[in-house]
């Protein structure tokens with residue numbers, strides 16, 4: 001029979017693995033997202049502020065809030081079940097360029 005200590009350790013590892021999976025499967029911008037955008041629109045240089053309300057989004061204080069463009073990208077990515085809320089170059093092509101969402105001056 002396995003010891004209680006071993007069972008507790010296995011349970012902790014399982015919980016940590018599940019937490020890591022959930023954290024990595026949430027929608028968040030990373031280098032892959034930027035590469036996908038640049039693949040769809042090679043002449044551009046996207047920045048955080050293009051999809052987020054704040055120029056330097058943080059996970060705390062709601063500063064990672066998406067703007068209209070970021071919201072549209074996530075909504076389009078969710079339509080594609082295979083993408084699992086991660087964007088692809090096709091996602092950005094369907095949504096359009098960042099400039100299309102900026103207010104007219």
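Data for the structure
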| item | result |
| --- | --- |
| Residue satisfying all of: in segment 28-46; in a loop (DSSP other than H, G, I, E, B) and within 17 Å of residue 58 (Cα to Cα); modelled with the highest pLDDT among these | 30 |
| Failed condition for residue 8, given (1) at pLDDT below 70; (2) farther than 17 Å from residue 73 by Cα; (3) surrounded by 10 or more Cβ atoms within 10 Å (Cβ to Cβ) | (1) |
| Single residue of segment 82-105 satisfying the filter (part of a helix (DSSP H, G or I) and under 15 Å from the mean Cα position of the chain (by Cα)) that is modelled with the lowest pLDDT | 83 |
| Matching residues, segment 49-81, being modelled with pLDDT under 85, part of a helix (DSSP H, G or I) and closer than 15 Å to residue 102 by Cβ | 49 |
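The values are calculated or read from the model by the stated rules, or taken from the named source; none is laboratory data. All of these numbers come straight from a predicted model, not from anything done at the bench. All Cβ positions, even for glycine, are placed from backbone atoms using ideal geometry, and neighbour counts span all protein chains on display.
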